[in-house]
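A.B. asks: Let me give you the structure first, and then I'll get to my questions.
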Amino acid sequence: MKKIVLSSILCLLSFVLFSQQINIANIKKHIKYLANDKLKGRATGSQEELTAANYIANNFNKYKLEPKGN
């Protein structure tokens with residue numbers, strides 16, 4: 001799960017870097033949310049994992065990111 005979250009954060013960061021609109025406050029906001037104790041470590045199969053996954057998916061949609069590959 002950590003790999004998925006880190007990969008997602010890197011994708012969000014890469015979008016920001018490629019768009020040349022680096023906003024440190026926005027990046028920190030995403031990291032703080034995903035690392036927050038409210039998500040209880042995002043254990044596999046937990047409601048908190050689903051909450052984190054939905055947060056990431058919603059942000060991917062917001063930034064118009066599309067999945068690639070398998």
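A.B. asks: Using a Förster distance of 22 angstrom, determine the FRET efficiency expected from the C-beta separation of residue 27 and residue 66, and round it to 0.05.
C.D. replies: Approximately 0.60, to the nearest 0.05.
A.B. asks: Right, here's the next one. At 1.4 Å probe size, put 14, 8 in order of accessible surface, largest to smallest.
C.D. replies: Solvent-accessible surface, decreasing: 14, 8.
The values are calculated or read from the model by the stated rules, or taken from the named source; none is laboratory data. Since the model is a prediction, treat every value here as computed from it, not as a measurement. No Cβ is skipped: glycine too gets one built from the backbone with ideal geometry, and neighbour counts run over all protein chains shown. Note: areas computed on protein heavy atoms with side chains; ligands, DNA, RNA excluded. Shrake-Rupley method; radii C 1.70, N 1.55, O 1.52, S 1.80 Å.
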